[in-house]
Each structure stands twice: as C-alpha cells, then as structure tokens.
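Just below is one structure, and these are the notes that go with it.
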Amino acid sequence: MANISSTYRNLNRAVGRAIHAYDMISDGDKILVGLSGGKDSMVLTWILAERRLRVPVAYELYPVYIDPGFAGGIAEPLAVFARRCGAELRVEQTDFGIRAHGPENRENPCFLCSRRRRQRLFEVADELGCGKIALGHHQDDIIETLFLNMFYAGEMSTMKPVQPFFKGRFKVIRPLAFAGEQLIGRMARTLDFPAFGNPCPSAAASKRREVKEMLRGLYRSNRKIRGNIFRAMRHVRPEYLL
C-alpha cells in the first residue's frame, strides 16, 4: 500500500501542477480523451476520472478509441476499462493504419496514420460538443519530440501542454506533461491495468524509439540531464540562437 500511495501521490501532484499551471480544465468542460490502449492513455483516463470525484471543478469525460484497422483489435477490453473509469467508450473503426502502411506510403507511415487519427479526433470532438481533447503525452514524449524535430525537421519545437487549434475552437491538453514515463508505468502496474500489444508493424522501428534509446544512454551517464532538458525548454535565450 505504501508504494501505491507514494506512486499515486507523485502522479496526482504532477497532474495537478500541469492542470493549474496551464489552466487546462474549467468548470463545465466536455473533454474528449484519446484512449489508445497504451499505459499512458489509460493512466490519463483513470486519473482524470478519479480527480473528477474530488476536485471542485465539474467536467465530463468522453473516451474515444480510434481503431487503426490492424488485426487483433482491442475495442472490447478497452470498453471494459473505460467503464471501470465510469465512462462509455466510443470506438471509431478506421483503416488509417493499414492505408498508412500501403505501397503508396512506405516512407513515413507513422506521420500519415497519426495525422488522420488526430483529424478524426477533432471531428468526433465536434460531434460530441467537446471543446477540449486530452491526450496521454507525458514529459518524456515532450523531450523526445524536441529532438525528433531538431534531427528530422530542422527546427526547435515540441508539443505544448496546451495547444489551441482552429482559432481556439478546440484545445489539445496534456495533463501528463509533468509526469515521467516511469511514474506512469508504475501507476499502471500498481492498479493492474491491462497490457495490450501494439499491432502496428512500425512500432518496433520508429524514429522515436531511436531517440528514446539515445536519451536513455545520456540519462544513465548523468541523472540530471533529463530534468535539465525539460527545464531548458522553458528557459530559452533567443539572443544566443541563430
């Protein structure tokens, strides 16, 4: 119980800090939650549902699963998990993953699949009347995206904890922005969340995985590096950039 309490306390503190620092959730919000079946999105769904029971802010949650169309779908067990969190899962059946890996798009299937899934989330949010879309990106995702954009896009940019889209009509929020991947994994294990395999053929060979392994090597050499990188994104000195 001590480990569970400590893990929960640390996660709740990180999520609370992010929500308050960026004013992510307001009274009366209808929030679509992108539930993919990964531990990050499951922990996000659970912590938002759990906080809703005790914080003085009333909001509604609408978990949505965009099925990419691969064999071995997880819609049914994911719906069971959503009900465990007190919500009904909406499943969107698509062929985005299959088409992204088709012969006409061998170069960058992840980009196309991600873009189409994101587009569909916006469409569903509009149908449901949700002004906010909560995604399970965490602190390590934000750091990795910084390096991915530098290495492969030639720019210094990353995900933001809150990002408006379509002139502010929608806001993407990332309540796990201050929570590390290890903490999220511990929470998923202590609560015995189901573990789903990733059927995507690109899952084991993505550029993000390469960057993740590079960063892990740096973190092992100096445990301050991870925190320093994250702080550096909030302490930018433009006068010392080109």
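Taking the condition loosely packed, with under 12 Cβ neighbours inside 10 Å, more than 17 Å from the chain's Cα centre (by Cα) and in contact (Cβ under 8 Å) with a residue 24 or more places away in the chain, does R231 pass? Quick ask: steps written out before the conclusion?
On the way: loosely packed, with under 12 Cβ neighbours inside 10 Å: yes; more than 17 Å from the chain's Cα centre (by Cα): yes; in contact (Cβ under 8 Å) with a residue 24 or more places away in the chain: no.
When the stated conditions are applied, R231 does not pass them.
Residues to consider are P164, P175; find the one that is more than 17 Å from S114 (Cα to Cα), modelled with pLDDT of 95 or more and surrounded by fewer than 17 Cβ atoms within 10 Å (Cβ to Cβ).
Numbers: P175 fails: surrounded by fewer than 17 Cβ atoms within 10 Å (Cβ to Cβ).
Criteria check complete, one pass: P164.
Of all the numbered requirements in (1) touching a residue at least 40 places away in the same chain (Cβ under 8 Å); (2) over 22 Å from I225 (Cβ atoms), D140 misses one, and that requirement is (2). How many of the residues making up region 93-113 are within 18 Å of the chain's Cα centre (by Cα) and either at pLDDT 90 or above or more than 16 Å from G38 (Cβ to Cβ) (or both)? Here the count works out to 2.
Would you pick out the residues in region 130-146 that are more than 10 Å from the chain's Cα centre (by Cα), more than 20 Å from F165 (Cβ to Cβ) and not charged (D, E, K, R)? I143, L146, listed by residue number.
Could you say whether any residue in region 49-62 is in contact (Cβ under 8 Å) with a residue 60 or more places away in the chain, buried (at least 19 other Cβ atoms within 10 Å of the Cβ) and touching a Cys at 6+ places or on another chain (Cβ under 7 Å)? Scanning region 49-62, I find at least one residue that is in contact (Cβ under 8 Å) with a residue 60 or more places away in the chain, buried (at least 19 other Cβ atoms within 10 Å of the Cβ) and touching a Cys at 6+ places or on another chain (Cβ under 7 Å), so the answer is yes.
Being surrounded by 16 or more Cβ atoms within 10 Å (Cβ to Cβ), of a type in the set (A, V, I, L, M, F, W, C) and over 16 Å from G136 (Cα atoms) is a description that applies to V211.
Check region 178-193 and report whether any residue there is over 24 Å from G227 (Cα atoms), surrounded by 14 or more Cβ atoms within 10 Å (Cβ to Cβ) and touching a helix residue (DSSP H, G or I) at 6+ places or on another chain (Cβ under 6 Å). Yes; the residues of region 178-193 include at least one that is over 24 Å from G227 (Cα atoms), surrounded by 14 or more Cβ atoms within 10 Å (Cβ to Cβ) and touching a helix residue (DSSP H, G or I) at 6+ places or on another chain (Cβ under 6 Å). Given (1) out of contact with any strand residue (DSSP E or B) (no Cβ under 6 Å at 6 or more places or on another chain); (2) within 29 Å of E123 (Cβ to Cβ), identify the lone condition not met by I31. Tallying (1) out of contact with any strand residue (DSSP E or B) (no Cβ under 6 Å at 6 or more places or on another chain); (2) within 29 Å of E123 (Cβ to Cβ), I31 fails exactly one: (1). Screening M150 on (1) surrounded by fewer than 16 Cβ atoms within 10 Å (Cβ to Cβ); (2) under 14 Å from the mean Cα position of the chain (by Cα) shows it passes everything except condition (2). Per the listing R51, R90, R116, the residue uniquely at pLDDT 90 or above and within 21 Å of F170 (Cα to Cα) is R90.
Anything in region 126-184 that is part of a loop (DSSP other than H, G, I, E, B), of a type in the set (S, T, Y) and farther than 22 Å from I25 by Cα? List them, or say none.
Of all residues in region 126-184, those part of a loop (DSSP other than H, G, I, E, B) come to 129-131, 135-138, 153-161, 166-169, 174-180.
Narrowing further to those that are of a type in the set (S, T, Y): 157-158.
Listed by number, the list holds a single entry, S157.
Going by the conditions given, is G227 at pLDDT 90 or above, out of contact with any His (no Cβ under 7 Å at 6 or more places or on another chain) and assigned to a helix (DSSP H, G or I)? Yes, satisfied. Pairs linking a residue in region 189-215 that is farther than 24 Å from D67 by Cβ to a residue that is modelled with pLDDT of 90 or more and in a loop (DSSP other than H, G, I, E, B), with Cβ atoms under 9 Å and 6 or more positions apart or on different chains, do not occur.
The values are calculated or read from the model by the stated rules, or taken from the named source; none is laboratory data. This one's a predicted model, so the numbers in the text were calculated from it and none came from an experiment. Here the Cβ is made from the backbone with ideal geometry for all residues, glycine too, and neighbour counts use every protein chain on show.
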